[in-house]
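Student: Structure provided below as structure tokens; questions to follow.
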Amino acid sequence: MNRDAFGRRLSLAAPFFPLNPDQVEALWLHYDLLRRWNTRINLTRVVELEDAVRFHYAESLFAARQAPPGVVSVIDVGSGAGFPGFVLAVAKPEWQVTLLESDQRKAAFLREASDVAPNVRVLARRSGEVTGCWDLAVSRAVKAGDVLAFAERAAKWLLWIGTEPPDQIEESGWTSKALPDGRGRLWLRRIRA
């Protein structure tokens, strides 16, 4: 398992988002760190190279491509291992990305990973304790209602990734797209102007 194999798989899984060599290197370093940390704490159950690239990195790059125009600040609610937030920060270096994670051990992992992404900040708190305003709130595999409640007070847009539609999908304003791996969908909603 090496950088070249990672880069090849990434370009095949996410041809819609070409990356420069520095970006591929940053994502490789994240993946390598993820594999090492995952032996000590449960960051993700998907760690094999091909599956991790397809389900974690390619999905996150797809989210970066679907973000609304004018985004400068992003918060990843329940960032866990850094998906999609860390990948968004690498893919969009002009964005300022906050990784919000209440689990202190996962937050420690995110702090170490963020050494290769200068536009990342890690907050080790619960979403209810956080104040501020971001252009875009993102979340993956976190309960949609909790993320929506946070976004309604702290973000202009919400981008949510999951396998089941958010409970609030009946409300107007959501757009949806299938993820490239076919395992779920991405939902986008403007929260306020």
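The values are calculated or read from the model by the stated rules, or taken from the named source; none is laboratory data. Not measured: the values here are computed from a predicted model. Here the Cβ is made from the backbone with ideal geometry for all residues, glycine too, and neighbour counts use every protein chain on show.
Student: Out of the residues in region 30-74 meeting the condition of being among the basic types (Lys, Arg) and in contact (Cβ under 8 Å) with a residue 40 or more places away in the chain, tell me which one is farthest from Leu19 (Cα to Cα). It would help to see each step written out before you state the result.
Tutor: Filtering region 30-74 for residues among the basic types (Lys, Arg) gives 35-36, 40, 45, 54, 65.
Right, trim to in contact (Cβ under 8 Å) with a residue 40 or more places away in the chain and you get 54, 65.
Numbers: Arg54: 15, Arg65: 12 Å.
Among those residues, the one meeting the criterion is Arg54.
Student: I want to confirm something. Restricting to region 14-43 and keeping residues that are under 16 Å from the mean Cα position of the chain (by Cα) and more than 29 Å from Asp103 (Cα to Cα), which single residue is surrounded by the fewest Cβ atoms within 10 Å (Cβ to Cβ)?
Tutor: Phe17
Student: Is it true that Val90 is assigned to a strand (DSSP E or B), crowded, with 17+ Cβ neighbours inside 10 Å, in contact (Cβ under 8 Å) with a residue 12 or more places away in the chain and within 15 Å of the chain's Cα centre (by Cα)?
Tutor: Working: assigned to a strand (DSSP E or B): no; crowded, with 17+ Cβ neighbours inside 10 Å: yes; in contact (Cβ under 8 Å) with a residue 12 or more places away in the chain: yes; within 15 Å of the chain's Cα centre (by Cα): yes.
No; evaluated as a whole, the condition is false for this residue.
Student: Is at least one residue of region 111-122 crowded, with 24+ Cβ neighbours inside 10 Å and either of a type in the set (Ser, Thr, Tyr) or within 16 Å of Ile161 (Cβ to Cβ) (or both)?
Tutor: no
Student: Kindly list, by first and then second residue, each pair from a residue in region 164-193 that is over 20 Å from Glu152 (Cα atoms) and basic (Lys, Arg) to a residue that is modelled with pLDDT of 85 or more and not in a loop (DSSP other than H, G, I, E, B), limited to pairs with Cβ atoms under 6 Å and residues at least 6 apart or on different chains.
Tutor: Hits for this filter: Lys177/Leu186; Arg185/Ser176; Arg185/Ala178.
Student: Output yes when any residue across region 128-150 is surrounded by fewer than 19 Cβ atoms within 10 Å (Cβ to Cβ), part of a strand (DSSP E or B) and aliphatic (A, V, I, L, M), and no when none is.
Tutor: no
Student: Going by the conditions given, is Ala108 of a type in the set (A, V, I, L, M, F, W, C) and in contact with a Phe, Trp or Tyr (Cβ under 8 Å, 6 or more places away or on another chain)? I'd like the intermediate steps shown before the answer.
Tutor: Details: of a type in the set (A, V, I, L, M, F, W, C): yes; in contact with a Phe, Trp or Tyr (Cβ under 8 Å, 6 or more places away or on another chain): no.
No.
Student: Which pairs have Cβ atoms under 7 Å, sit 6 or more apart or on different chains, and link a residue in region 122-148 that is within 21 Å of Val72 (Cβ to Cβ) and in contact (Cβ under 8 Å) with a residue 12 or more places away in the chain to one that is in a helix (DSSP H, G or I) and among the acidic types (Asp, Glu)?
Tutor: Ser127/Asp146
Student: If I ask for residues that are modelled with pLDDT of 90 or more and of a type in the set (Gly, Ala, Ser), which ones from region 158-193 would you list?
Tutor: Ala178
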